[in-house]
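Input: a single structure, listed below in structure tokens.
The values are calculated or read from the model by the stated rules, or taken from the named source; none is laboratory data. No experiment lies behind these values; they were computed from the predicted model shown. Cβ placement follows ideal geometry from the backbone for every residue including glycine, while neighbour counts extend to all protein chains displayed.
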């Protein structure tokens with residue numbers, strides 16, 4: 001009875017595992033927050049941020065589970081004095097460790113969801129994404145615990161954490177990036193995660209976790225009936241692995257259907273709805289540029305947001321911008337992108353037009369309200385600086401072709 005009482009007191013102390021929840025939640029929240037795009041919120045990117053948190057929270061949970069397994073292994077001799085099943089202690093450990101991990105993950109998910117809901121302008125929640133992340137974390141926890149049980153030495157704890165981290169950071173093959181946790185990175189504004197891919201990853205993680213747990217219980221108890229769920233789960237893992245392998249020919253994302261969010265006056269600016277908050281700043285920053293280019297072949301009355309890898313030929317009076325986030329200075333980056341599109345890359349990159357490129361840079365600095373570059377031709381720079389706004393606009397209308405091809409000369413800036 002004395003030995004049984006000691007065992008019961010040891011089991012009662014397992015609740016101390018919940019003290020690790022704040023630390024694990026902090027690690028996951030930091031990883032998820034860093035993965036979120038600044039100033040932009042949409043649900044697919046929130047799911048990607050949760051997977052990024054899993055890549056750090058998973059190894060941390062595995063290392064913690066290995067430490068718990070090592071600690072509990074030292075007390076197995078006491079539990080052997082009771083008539084209880086040898087599987088009861090490990091099952092209770094795995095149950096509590098799973099609850100601890102899921103509690104930390106829930107905190108991370110709530111942080112990401114709160115940040116997304118404050119600014120969300122695009123997409124819809126996909127519960128299958130957080131579910132796939134939760135099941136993946138449970139697999140990490142089971143692997144860490146079993147690693148600590150099989151190798152009950154202190155170096156096993158950091159070894160488990162490092163190995164599980166490397167699994168998420170360095171996959172053995174390109175198709176393996178589709179296995180949990182998927183290495184999808186950021187989800188572009190114009191793309192959406194494939195729901196069936198998330199479901200396959202969740203099923204793979206569930207099957208692998210079942211195989212590991214039932215296999216370990218069979219080692220402890222030698223119960224033949226455990227072979228049935230183990231074989232069924234192994235079949236699920238094999239089937240989903242083959243299916244995921246076949247998905248490597250298909251991108252993990254699909255184009256997203258959306259309607260532009262536009263601001264019509266004084267300049268028409270249309271962006272992805274997730275960037276709706278940027279419309280006032282973009283319009284305020286791009287209107288002076290459009291005004292200065294009015295009357296030239298580079299004039300525009302409409303600005304349209306496009307994917308990063310989409311560079312179609314713009315129509316007359318239309319320019320394209322490619323913004324992926326709203327980090328500080330995004331409006332000026334859009335202006336610079338439009339200005340670069342005004343110049344002929346072939347001639348401006350020619351060493352024979354180096355002098356003309358410097359003069360064009362002087363004009364571009366005015367168009368973008370930037371500090372003028374230092375020129376060897378001080379007379380041209382001084383004359384251009386003396387001109388008022390109206391004279392500069394008239395001058396640009398007359399010399400736009402030379403500006404576009406980086407063929408300006410010092411005489412073009414002489415006083416007349």
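Go through the residues of the stretch 4-16 one by one and say whether even a single one is surrounded by fewer than 23 Cβ atoms within 10 Å (Cβ to Cβ), modelled with pLDDT of 75 or more and not in a loop (DSSP other than H, G, I, E, B). Spell out the reasoning first.
Quick first cut of the stretch 4-16, residues surrounded by fewer than 23 Cβ atoms within 10 Å (Cβ to Cβ) only: 4-16.
When the remaining residues are screened for being modelled with pLDDT of 75 or more, the result is none.
Checking the stretch 4-16: not a single residue is surrounded by fewer than 23 Cβ atoms within 10 Å (Cβ to Cβ), modelled with pLDDT of 75 or more and not in a loop (DSSP other than H, G, I, E, B).
So which residues in the stretch 249-274 are surrounded by 13 or more Cβ atoms within 10 Å (Cβ to Cβ), within 20 Å of residue 289 (Cβ to Cβ) and touching a helix residue (DSSP H, G or I) at 6+ places or on another chain (Cβ under 7 Å)?
Listed by number, the residues that qualify are 263, 267, 269, 271.
Only one of (1) under 33 Å from the mean Cα position of the chain (by Cα); (2) at pLDDT below 85 is not met by residue 353, so which one is it?
Against the list (1) under 33 Å from the mean Cα position of the chain (by Cα); (2) at pLDDT below 85, residue 353 comes up short only on (1).
Which residue, of 220, 244, 197, 226, is farther than 13 Å from residue 139 by Cβ, surrounded by 14 or more Cβ atoms within 10 Å (Cβ to Cβ) and without any contact (Cβ under 8 Å) to a residue 24 or more places away in the chain? Before you say what the answer is, go through the steps one by one.
On the way: 220 fails: without any contact (Cβ under 8 Å) to a residue 24 or more places away in the chain; 244 fails: without any contact (Cβ under 8 Å) to a residue 24 or more places away in the chain; 197 fails: without any contact (Cβ under 8 Å) to a residue 24 or more places away in the chain.
Every option except 226 fails the conditions.
If I ask for residues that are more than 17 Å from residue 414 (Cα to Cα) and out of contact with any helix residue (DSSP H, G or I) (no Cβ under 9 Å at 6 or more places or on another chain), which ones from the stretch 362-394 would you list?
Answer for the stretch 362-394, where residues must be more than 17 Å from residue 414 (Cα to Cα) and out of contact with any helix residue (DSSP H, G or I) (no Cβ under 9 Å at 6 or more places or on another chain): just 365.
Looking at the stretch 365-381, which of its residues are surrounded by 12 or more Cβ atoms within 10 Å (Cβ to Cβ) and outside any loop (DSSP other than H, G, I, E, B)?
Once the filter is applied, which keeps residues that are surrounded by 12 or more Cβ atoms within 10 Å (Cβ to Cβ) and outside any loop (DSSP other than H, G, I, E, B), the stretch 365-381 yields 365, 366, 367, 379, 380, 381.
Condition (residue is within 27 Å of residue 370 (Cβ to Cβ), in a strand (DSSP E or B) and either in contact with a strand residue (DSSP E or B) (Cβ under 8 Å, 6 or more places away or on another chain) or assigned by TED's automatic domain parsing to the domain that holds residue 48 (or both)) applied to the stretch 271-289: is it met by at least one residue?
yes
For the stretch 320-351, give me each residue that is touching a strand residue (DSSP E or B) at 6+ places or on another chain (Cβ under 8 Å), under 13 Å from residue 285 (Cβ atoms) and not in a loop (DSSP other than H, G, I, E, B).
Scanning the stretch 320-351 gives 321, 334, 337, 338.
Would you say residue 169 is modelled with pLDDT under 80 and surrounded by fewer than 16 Cβ atoms within 10 Å (Cβ to Cβ)?
no
Which helices (runs of 4 or more DSSP H) does the stretch 127-228 wholly contain that include 3 or more residues that are under 30 Å from residue 272 (Cβ atoms) and either assigned by TED's automatic domain parsing to the domain that holds residue 311 or more than 17 Å from the chain's Cα centre (by Cα) (or both)?
In the stretch 127-228, the matching helices (runs of 4 or more DSSP H) lie at 128-150, 195-221.
Are any residues in the stretch 291-304 crowded, with 21+ Cβ neighbours inside 10 Å and under 19 Å from residue 271 (Cα atoms), and if so, which ones?
300, 303, listed by residue number.
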